[in-house]
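The values are calculated or read from the model by the stated rules, or taken from the named source; none is laboratory data. Since this is a predicted model, take the numbers as computed values, not measurements. As a convention, Cβ positions derive from the backbone with ideal geometry for all residues, glycine included, and neighbour counts pool all protein chains shown.
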Amino acid sequence: MITALWALGALALVFGAILGYAAIRFKVEADPLVDQIDDILPQTQCGQCGYPGCRPYAEAIAGGDIITKCPPGGEATIKKLADLMGVSLDSLDQTQNKQEKRVAYIREEDCIGCTKCIQACPVDAIVGASKQMHTILSNECTGCDLCVEPCPVNCIEMRPVQTTAERWKWDLQSIPVHVVEVK
Amino acid sequence: MPSLFQQIQAGRIWDFHGGIHPPSRKTQTSQKPIDSYSLPARLYIPQRQHIGVAGRVLVKVGDHVLKGQALTAADNAMAVPVHAPTSGTIVDICLHPSAHPSALPEPVFVLEPDGLEQWRPRHALDMLHADKAQILQRIQQAGIAGMGGAGFPSHIKAGAAAAVDYLIINAVECEPYITADDVLMQHHSDTIVQGIEILSQLLQPKAVLIGIEDDKPAAIKAMQQAVAGKNHWFVRALPVKYPSGGEKQLIQRLTNKEVPSGRRPIDIGIVVQNVGTAFAIAQAVLEDIPLISRVVTVVGQSLSRPQNMYALLGTPVHELLSACGFEPQPSQRLIMGGPMMGFTLPDARIPVVKTTNCIIAPTHEELPVAGPELDCIRCGACTEACPVNLLPQQLLWYSKAKDHTQLQAHNLQDCIECGACAYVCPSEIPLVHYYRVAKADIRETQREALKAEQAKARFEARKERLEREKQERAERNKQLAAQRQQQLADQQKQQIAEAQARTQAATTELTHAEIVAERERKKAEARAYQAAKLAAEQDIIQSAEPTLSADDRAEQDPRKAAIAAALARAKAKKAQASGEAESTSVEAATVAAAPALGNTVEPQSSSSDDAKKAAVAAAIARAKAKKAQASGEAESTSVEAATVAAAPALGNTVEPHSSSSDDAKKAAVAAAIARAKAKKAQASGEAESTSVEAATVTAAPALGNTVEPQSSSSDDAKKAAVAAAIARAKAKKAQASGEAESTSVEAATVAAAPALGNTVEPQSCSSDDAKKAAVAAAIARAKAKKAQSASNSEAATDPTQADSEPPLADSDAVLPPVPQDEPQVVAQPEPVAANPSAEDAKKAAIAAAIARAKAKKAAQNPQEPS
């Protein structure tokens, strides 16, 4: 009896030690939740969620904030976040729809070269210098609107992104019959 | 078992999964010759007609261009130029609906033909001597892009660096209606073979396989004749099956090889070129005709004369149609490309481009519009029809659900959008459209993800940059501050050095003659006073004048001031001591103690680092004070002289430590001078009726001077000026009071003033030591009190003040200086204000305020009894 207890105890100790060692030695570095959330967010850095950038909001979500505060991300982002966080989509307010994608545009004739928008741009998508006309790299613009407010002459406006043939989405409704008038 | 190559050689062909057999309807046009048409009124030449980037625009509006002239330049590898299809004028460069399912406007050159068909100079390439790069460049410069439908730049495919096993010429033309390649082969098989030869020269394949569907017997025959005698060139007639013309399907049929998902044929050693491309290459290389026209099948039952046309690129579709007898039906449909993979045109102005092989103008009966979409019945017909072994049904569900992960898992990206699944679907579900939408969505999502990644990177980079800039700024500020401090220290050092130089210069310049002159001046002063006193006792202004002049002189010679300062302090003490010695002995003791105290504080503060010396000085001061007291008690004139002599000595003993401790010799000289002056003063005092008066008179400049060394030791010029002003004010006051009366009260008040001045001023010197300042303030307060009490007691008990007249006269004398007293009062806090250390500024201010109050009280008190 005693022998059996000893044997079992010794085995338990040995396996415990092996498992404990393995837990430390072969620890899998899981992608932290904040990083996963940050990857889902659209990285516009617009601050519309009330946090100064996407990562702070990701941290806030990880800390328990609601997931529907990201207008640029729209429904798709909310859906992904809901999947990740294990939140039911039904319980969420889904009134926020993804807006038309827009980018900032500087009316160059009105620009006075104050550099205020450059300082505001979170992704350095505005090119210009003091007393020189500025312009926006529309490919880099995230459409965050942050440059619109600081402009003292209101020369920045948000324009919808031009659809190109590459970006064109087949529209099921538009494909069927077209009446073509031929002279 | 024979090898793959042997099997191919033996003429074996394979099959691929699925596929359909739609009615071919090719006979409408396949037997007809290729026609041409009159030049259209305008050509709309899109700047980009291939996959890749547009070239750089070379022409501008109004330019006249020749046939075959390049309109854009190919600046990079993925760009091919476009050319003027005929000679004419560029009338506009604008946006025009594009030959794309979206028909989105794209930039086009609008060419108005002049009808002359003037060619630019053409130079055929000498194939015997041309190297590979030259041929490839020619192919690129001719603007040749895949003419089968995709529009991939041909020079990239033809310039593949990898070893090529098979060159496959795609002449399958599997879609219904289209016969462009068919008729091309029928009529231009020799040129096509020349093109294939150029391609083989570039790629050096093991074998050339020409795949033609067996419903084109004329084309097969023509090609077989053209390639006759060529080693390892095989014309393969393939049984009709849609979509055999798909690149990967054709490879599978001819070589039994499958191109892996996401790879290109070149990865398995195969290059596929369209037969039309081979024709265009031959024309470009051998005749220098760039890609400016192509064969287009114009077909459909809405046309009375359907046929193949040599269409100039840029010809609007409606021009081609009208050349073929187009009779539009109500709600006519136009299709560009084949009925399976083409797209409906929303606009008949859309131009023919490099990839346009067919334009269909069907009637409703011919190609009925798809009926309403019904629900999927899960029949599985689509799965059987799919040439790439996908599961169209699954893809449909996932497309509808927008489940991108599952779509990718089911290899949606491998779908070639052939439309076989939709063709067989009994529910008429436009499956391919769903897939296209889903593909576009996935592409967009990927683009967004990429953009988000870039935005994140840019955001991070910006944050990093801002942080770095902040740090750099801080670093720079720190450096600047250090620099400034260094500069300040240097400045201070320099100023100290300058001050030292000044004192040295002053002492060396003080020659015997100067001393004599000084002595003479003093004598003259004394005489002036005497004369003034004798002339009129009330006339203060007159008597004030010489002193003023004396002050002026003192002002003129600032260097003398330094020496005078030393004298001054000593004299002030002497005046105090002597003045009080004459009055009651007790008073003399207390008043004498005051300067002694003041002196003990002074060395400490100004040369605080030398505590020992200060202590010694204090001891000496105490001893001297005692002596002064004793001499006061003695009351004899001779003893007084001794005290007078002792007092300057006292001043001198202290001074070496405080002001010019580093220069003992100089101090000794100054002391000697001081002693000499004191003796003189004593002598003059003795000569005069009252010795005290002389003392006070000498005390006046002395007072002013006491301030000066301190001020000069501090680096502030302003302070010095202010101090000088104070000194002058004090001197005047002292003079006035001294002149007015020889009473001891006067002397006491005057003595109190320097005492105050002395106690306050050290504070400014020892600015960095708050404790010391506080102590000094306390001492100042104590002294002020003492001075006050002394004057009070004097006013009350002093026998010399028994006569009420002198105080009255005194008050008169004091009164005029009151306005002058004000500068003094204002000036007294000055040293405090100049106090560099701001933290004990408050303390100093309080002390100054107290001192001022006390001084006022002291000034008022003697007046009150009157």
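So how many residues does the range A:48-88 have that are among the small types (Gly, Ala, Ser) and over 29 Å from A:Val148 (Cα atoms)?
6
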For this session: Please identify the pairs in which a residue from the range B:25-46 that is touching a residue at least 40 places away in the same chain (Cβ under 8 Å) and more than 12 Å from B:Ile178 (Cα to Cα) has its Cβ atom under 8 Å from the Cβ atom of a residue that is among the hydroxyl-bearing types (Ser, Thr, Tyr) and buried (at least 17 other Cβ atoms within 10 Å of the Cβ), counting only partners at least 6 apart or on another chain.
Result: B:Leu39/B:Thr86; B:Pro40/B:Thr315; B:Leu43/B:Thr86; B:Leu43/B:Thr315; B:Pro46/B:Ser98
Exercise. Is it true that A:Gly20 is surrounded by fewer than 16 Cβ atoms within 10 Å (Cβ to Cβ) and assigned to a loop (DSSP other than H, G, I, E, B)?
Worked result: no
Exercise. Out of (1) under 28 Å from B:Ala84 (Cβ atoms); (2) surrounded by fewer than 22 Cβ atoms within 10 Å (Cβ to Cβ); (3) facing chain A (nearest Cβ under 8 Å); (4) in contact with a Lys or Arg (Cβ under 9 Å, 6 or more places away or on another chain), what's the single condition that is false for B:Ala348?
Worked result: (2)
For this session: Being touching a Phe, Trp or Tyr at 6+ places or on another chain (Cβ under 9 Å) and either part of a loop (DSSP other than H, G, I, E, B) or more than 21 Å from B:Leu58 (Cβ to Cβ) (or both) narrows it down to one of B:His123, B:His96, B:His100, so name that one.
Result: B:His100
Exercise. Could you give every pair whose Cβ atoms fall below 8 Å, whose first residue belongs to the range B:452-478 and is within 14 Å of another protein chain (Cβ to nearest Cβ), and whose second residue is assigned to a helix (DSSP H, G or I) and of a type in the set (Asp, Glu), counting only separations of at least 6 or pairs across chains?
Worked result: B:Lys456/A:Asp38
Exercise. What number goes with the only condition from (1) under 24 Å from B:Asp131 (Cα atoms); (2) out of contact with any strand residue (DSSP E or B) (no Cβ under 7 Å at 6 or more places or on another chain); (3) crowded, with 24+ Cβ neighbours inside 10 Å that B:Lys216 does not pass?
Worked result: (1)
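Out of all the residues in the range A:27-35, is one or more within 30 Å of A:Lys80 (Cβ to Cβ), within 14 Å of chain B (Cβ to nearest Cβ) and basic (Lys, Arg)? Break it down into steps so the answer makes sense when it comes.
So the first thing to find is which residues in the range A:27-35 are within 30 Å of A:Lys80 (Cβ to Cβ), and the list is A:27-35.
When the remaining residues are screened for being within 14 Å of chain B (Cβ to nearest Cβ), the result is A:34-35.
Keeping just the survivors that are basic (Lys, Arg) gives none.
No: the range A:27-35 contains no residue that is within 30 Å of A:Lys80 (Cβ to Cβ), within 14 Å of chain B (Cβ to nearest Cβ) and basic (Lys, Arg).
Residue by residue, here is whether (1) more than 8 Å from chain B (Cβ to nearest Cβ); (2) surrounded by 12 or more Cβ atoms within 10 Å (Cβ to Cβ); (3) within 21 Å of the chain's Cα centre (by Cα); (4) at pLDDT 85 or above holds:
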site: A:Thr135; (1), (2), (3), (4): yes, yes, no, yes
site: A:Gly143; (1), (2), (3), (4): yes, yes, yes, yes
site: A:Pro150; (1), (2), (3), (4): yes, yes, no, yes
site: A:Asn154; (1), (2), (3), (4): yes, no, no, yes
site: A:Met158; (1), (2), (3), (4): yes, yes, yes, yes
site: A:Arg167; (1), (2), (3), (4): no, yes, yes, no
site: A:Trp170; (1), (2), (3), (4): no, yes, no, no
site: A:Ile175; (1), (2), (3), (4): no, yes, no, no
site: A:Val180; (1), (2), (3), (4): no, yes, no, no
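Condition check: within 12 Å of chain A (Cβ to nearest Cβ) and either farther than 27 Å from B:Val80 by Cβ or polar (S, T, N, Q) (or both). Does B:Gln307 satisfy that? Lay out the reasoning, then the answer.
Values: within 12 Å of chain A (Cβ to nearest Cβ): no; either farther than 27 Å from B:Val80 by Cβ or polar (S, T, N, Q) (or both): yes.
In short, no.
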For this session: Check B:Pro368, B:Pro330, B:Pro339 and return the single one that is within 13 Å of chain A (Cβ to nearest Cβ), closer than 26 Å to B:Ala180 by Cβ and either among the charged types (D, E, K, R) or part of a loop (DSSP other than H, G, I, E, B) (or both).
Result: B:Pro368
Problem set entry | Of the criteria (1) assigned to a loop (DSSP other than H, G, I, E, B); (2) over 21 Å from A:Ala125 (Cβ atoms), which one A:Pro52 fails | (2)
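It is to be established whether one or more residues within the range B:86-99 are assigned by TED's automatic domain parsing to the domain that holds B:Val317, over 25 Å from B:His318 (Cβ atoms) and touching a residue at least 60 places away in the same chain (Cβ under 8 Å). Step through it out loud before you land on a result.
Filtering the range B:86-99 for residues assigned by TED's automatic domain parsing to the domain that holds B:Val317 gives B:86-99.
Imposing the further condition that a residue be over 25 Å from B:His318 (Cβ atoms) reduces the set to none.
The answer is no, given that none of the residues of the range B:86-99 is assigned by TED's automatic domain parsing to the domain that holds B:Val317, over 25 Å from B:His318 (Cβ atoms) and touching a residue at least 60 places away in the same chain (Cβ under 8 Å).
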Exercise. Counting residues that are closer than 19 Å to B:Gly149 by Cβ, which helices (runs of 4 or more DSSP H) fully inside the range B:161-264 reach at least 3?
Worked result: B:180-203, B:247-255
For this session: Would you mind finding the one in A:Ala82, A:Ala62 that is more than 14 Å from chain B (Cβ to nearest Cβ), touching a helix residue (DSSP H, G or I) at 6+ places or on another chain (Cβ under 7 Å) and at pLDDT 85 or above?
Result: A:Ala62
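Which one of these is of a type in the set (Lys, Arg), out of contact with any Pro (no Cβ under 6 Å at 6 or more places or on another chain), assigned by TED's automatic domain parsing to the domain that holds B:His188 and within 26 Å of B:Pro101 (Cβ to Cβ): B:Arg294, B:Arg263? Talk me through it step by step, then tell me what you get.
On the way: B:Arg263 fails: within 26 Å of B:Pro101 (Cβ to Cβ).
The conditions single out B:Arg294.
Got a sec? Which of B:Ala77, B:Ala10, B:Ala54 is without any contact (Cβ under 8 Å) to a residue 12 or more places away in the chain and either outside the structural domain of B:Thr355 (by TED's automatic domain parsing) or more than 30 Å from B:Ser304 (Cα to Cα) (or both)?
Numbers: B:Ala77 fails: without any contact (Cβ under 8 Å) to a residue 12 or more places away in the chain; B:Ala54 fails: without any contact (Cβ under 8 Å) to a residue 12 or more places away in the chain.
Every option except B:Ala10 fails the conditions.
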Exercise. Looking only at the range B:325-339, which residues are among the hydrophobic types (A, V, I, L, M, F, W, C) and surrounded by 22 or more Cβ atoms within 10 Å (Cβ to Cβ)?
Worked result: B:Phe326, B:Leu334, B:Met336
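Considering only the range B:418-441, how many residues are within 14 Å of chain A (Cβ to nearest Cβ), more than 20 Å from B:Ile377 (Cβ to Cβ) and crowded, with 18+ Cβ neighbours inside 10 Å? Quick ask: steps written out before the conclusion?
Applying the first criterion (within 14 Å of chain A (Cβ to nearest Cβ)) to the range B:418-441 yields B:419, B:422, B:428-441.
Narrowing the set further to residues that are more than 20 Å from B:Ile377 (Cβ to Cβ) leaves B:436-441.
Now drop any that are not crowded, with 18+ Cβ neighbours inside 10 Å, which leaves B:436-439.
Looking only at that region, the number is 4.
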For this session: Give the residues of the range B:88-123 that are among the aliphatic types (A, V, I, L, M), more than 11 Å from B:Pro46 (Cβ to Cβ) and within 14 Å of another protein chain (Cβ to nearest Cβ), sorted by residue number.
Result: B:Ala103, B:Leu104
Exercise. Within the range B:483-494, is even one residue under 20 Å from the mean Cα position of the chain (by Cα) and more than 14 Å from chain A (Cβ to nearest Cβ)?
Worked result: no
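Can you tell me which of B:Ile359, B:Ile281, B:Ile289 is in a loop (DSSP other than H, G, I, E, B) and in contact (Cβ under 8 Å) with a residue 24 or more places away in the chain?
Numbers: B:Ile359 fails: in a loop (DSSP other than H, G, I, E, B); B:Ile281 fails: in a loop (DSSP other than H, G, I, E, B).
Going through B:Ile359, B:Ile281, B:Ile289 in turn, the sole match is B:Ile289.
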Exercise. Conditions: (1) assigned to a loop (DSSP other than H, G, I, E, B); (2) closer than 28 Å to B:Asn274 by Cα; (3) touching a strand residue (DSSP E or B) at 6+ places or on another chain (Cβ under 6 Å). B:Val59 meets all but one. Number of the miss?
Worked result: (2)
